[in-house]
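Read-outs: derived from the displayed coordinates by stated rules, not from any lab. Computed from a prediction, not measured in an experiment: that's the story for all the values here. Cβ sites come from the backbone with ideal geometry, for glycine too, and all protein chains shown count toward neighbours.
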Amino acid sequence: PSSVDVNWNMRGVTVSWVLAYVLFGVLLALRKSEFPGWLLWLGRISYSLYLVHGIVLGFLPKGLNPAAFVLVAAVSSIAVSAATYQFIEKPAIDFYRSRRFRRPSLGSAS
């Protein structure tokens, strides 16, 4: 095994899982609060982030130390997700909404 292999273990998975639930609980408790704009923006791109982060991880150099890898992975994933949201997801949502809620004109009813 090389030094770039990722070693998964139950402790790492459990810590990640618990932290995700703690974050969810905190955000649920704060749901009636006003959130900062950057956090709302991150929520808007979250689906794109979910879709592209695995692809981005596949392109990153494997020789980085773990802290640098996480930083580069996060910044790269957010940047790619912002682009895919802006140029793919948002236009698709706008297109759907323009078609879905279009009212027929009075002249077209026969």
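Side notes on the structure shown:
- Cut-off 14 Å between beta-carbons: net charge of the residues surrounding A83, Lys and Arg +1, Asp and Glu -1: +1
- Each Lys or Arg adds one and each Asp or Glu takes one away; over the other residues whose Cβ falls under 10 Å from the Cβ of S48, this sums to +1.
- Label separation (F87 vs L71): 2.7 nm, computed from points 7 Å beyond Cα along the C-beta direction.
- Overall form of segment 1-88 per C-alpha gyration tensor (a/c, 1.5; a/b vs b/c): oblate
- The distance separating the Cα centre of segment 21-68 from that of segment 78-92 comes to 15 Å.
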